[in-house]
């Protein structure tokens, strides 16, 4: 990861007091503390490359793409020798991913071509091959239009429903576990036809299931990708000419086409899950809208004409390396972070939380066997059951009940957080405001 490389480099600096302080926060990946402290002391930082690096990473984490690209460019153009070759390569990767979100495919291809020409002799062959594949991919998109968002100048109300799914886990022919899960769903219109999608803030790229894709005109790309979740499945990339949520329409959206992981798992008792669910509306769609307001009890979503003001409590979400939304919360005085995952029915704690609190958990909590499903797999896990956890998010206090604490990775690679907030969390509140421009989540009971 870039952060370990950066830290190794800055260990050799003759740093002043504030430089050391910022360096330690970077070392801890403590983005919320860094966001609070950095503006107060930035003029006192003596090492310019440390200052620009901090600004670059904060801009990335808090979804300020233009500012992030600008600060990365400053680092690469003015301080490349100071930060070293490996750091420069990693920052360049970040820049490419930000430009890709903006749809600057032709510009990216040019940047990659120049980069490969300049550094090919210094890169390991495996690494060089990845950059060459990246160049070929973006070069093939050179003539594609950028993604555009069109929405009317008014508040837009959209129905928000819940679908219950019954599933059974079996070993040999014996039933070992029955369970009902509930997920939030929305109606989507594609090329004039109505479909039902899971609203999933834990899914990086909007996905159309194979069975549904047969009825949709898609521009398929040559590249296939791995989709990571509780397991791994494969999908294909395609460009969708239009997709609408209510009166909000996205044009030329890069999407994934894959098997319906719910049906493929073979654990659902519903007659035919493909009759219910056509795809997944991911975080890429929600980011482009900017703000959504969920009203679970009223079964609606509002996309406001005017975005909400930043609450007094400030920004309390960031994006990690895979665009997972990470929420800042407090348990008493302790900072605790959660992955916001509306595509998961139940909240839980990750292995990282278990390892931090292992002694207390093992001596006070009950051990159980549980089952989880998702992209690519269904699996059984040993967990500890926490009766309750009191939390503060923003200015709202609440409690989670009967929370599983996983002792192994829940996903193939868990997000950088202590736990995950699922649909059960969403249903606790009368209104949830999620703003990915100003980077906050606000809860109302």
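Here, each number is a calculation from the coordinates, and none is a lab measurement. Not measured: the values here are computed from a predicted model. Cβ sites come from the backbone with ideal geometry, for glycine too, and all protein chains shown count toward neighbours.
Going by average Cβ density within 10 Å per residue, which order do the peptides 121-131, 151-161, 291-301 take, highest to lowest? Present the calculation step by step, with values, prior to reporting the outcome.
On the way: 121-131: 11.8, 151-161: 13.7, 291-301: 16.8.
Going by the mean number of other Cβ atoms within 10 Å, highest first, we get 291-301, 151-161, 121-131.
How many angstrom separate the Cα center of segment 48-93 from the Cα center of segment 118-149?
20 Å
Going by how many other beta carbons lie within 10 Å of each one, how would you line up 331, 420, 71, 181, fewest first? Walk me through the numbers before you get to the answer.
Values: 331 12, 420 26, 71 23, 181 18.
Least crowded to most crowded, the residues run 331, 181, 71, 420.
Restricting to Cα pairs below 8 Å that are 6+ residues apart, what does the relative contact order work out to for segment 27-179? Please round to a whole percent. Don't skip to the answer; put the middle values down first.
Values: 94 pairs, mean separation 21.1, N = 153.
That works out to 14 percent.
Arrange 90, 194 by Cβ neighbour counts within 10 Å, fewest through most, would you?
Lowest count first: 194, 90.
Sort out for me the Cα centre separation of segment 332-357 from segment 380-407, rounded to whole Å.
7 Å
How long are the semi-axes of the ellipsoid equivalent to segment 25-122, from square roots of 5 times the Cα gyration tensor eigenvalues, in whole Å, largest first?
Details: eigenvalues 126, 54, 22 Å².
Ellipsoid half-lengths, sorted descending, are 25, 16, 10 Å.
Using per-residue counts of other Cβ atoms within 10 Å, averaged over each peptide, order 333-345, 41-53 from highest down.
Values: 333-345: 20.4, 41-53: 17.6.
Descending packing order for the listed peptides: 333-345, 41-53.
In square nanometres, what is one fourth of the surface area of the convex hull spanned by the alpha carbons of segment 317-444? Could the numbers behind the result be given before it?
Values: hull surface 31.2 nm².
Reported value for the Cα convex hull: 7.8 nm².
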